[in-house]
Amino acid sequence: MQLNTLLKTLPLIHFSLVMGLVVFTGFVYWKNPDFNAEMNSADIFTYLVPIVAAVGYFASKALFQKLINTIAHNGGPQNKLGRYQLASIIKYALLEVPTILALIAYYLNSNMLHLVIALCLIIYFFSQRPTRKKVLDDLKLSLEEQRELDLKN
């Protein structure tokens, strides 16, 4: 995999996932514009959504960092780019699942807490947009590896 290829496909994947969540949020709100700020202790989603959101957030950060740290010791720059893409997609999945759960919970119960959690996760997800600088910083490529990637592009 080449750096330019990664820098075209990974932002496209990221953008598609974020826009899918934004469209789904709009659909859910359009179908159920009611707001309920009460905490219903009998509703399982009141407990499940914040826990799954927190686990997804922290797991995405920790697992991504763990995968990035293992990349530094494996193979050449081409292999590192492929493994970086896989680590990023795993991170995105760990953010997308709790967001979808929160949106479904909002749709079913009209609880504002679920919508706020979903919006916070979408904003964080959007902030994880891959850029050339982020990729190179995360991979900690040596100057020689950076030159090799730049020459192949």
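The values are calculated or read from the model by the stated rules, or taken from the named source; none is laboratory data. Because the structure is predicted, anything quoted here is derived from the model rather than measured. FYI the Cβ positions are ideal-geometry reconstructions off the backbone, even for glycines, and counts take in every protein chain you see. For accessibility, only protein heavy atoms count, side chains too; no ligands or nucleic acids. Shrake-Rupley method; radii C 1.70, N 1.55, O 1.52, S 1.80 Å.
I need the full set of residues from region 4-35 which are open to solvent by 40 Å² or more (accessible area, probe 1.4 Å) and hydroxyl-bearing (Ser, Thr, Tyr), in order please.
Residues satisfying the conditions are Thr5, Thr9, Ser16, Tyr29.
Restricting to helices (runs of 4 or more DSSP H) lying wholly in region 39-146: which have 2 or more residues that are farther than 18 Å from Leu21 by Cα, modelled with pLDDT under 95 and open to solvent by less than 70 Å² (accessible area, probe 1.4 Å)?
Numbers: elements: 45-71, 77-109, 112-127, 132-139.
It comes to 45-71, 77-109, 132-139.
Please determine whether any residue of region 43-53 is more than 30 Å from Met112 (Cα to Cα), in contact with a helix residue (DSSP H, G or I) (Cβ under 9 Å, 6 or more places away or on another chain) and hydrophobic (A, V, I, L, M, F, W, C).
So far as region 43-53 goes, no, none of its residues is more than 30 Å from Met112 (Cα to Cα), in contact with a helix residue (DSSP H, G or I) (Cβ under 9 Å, 6 or more places away or on another chain) and hydrophobic (A, V, I, L, M, F, W, C).
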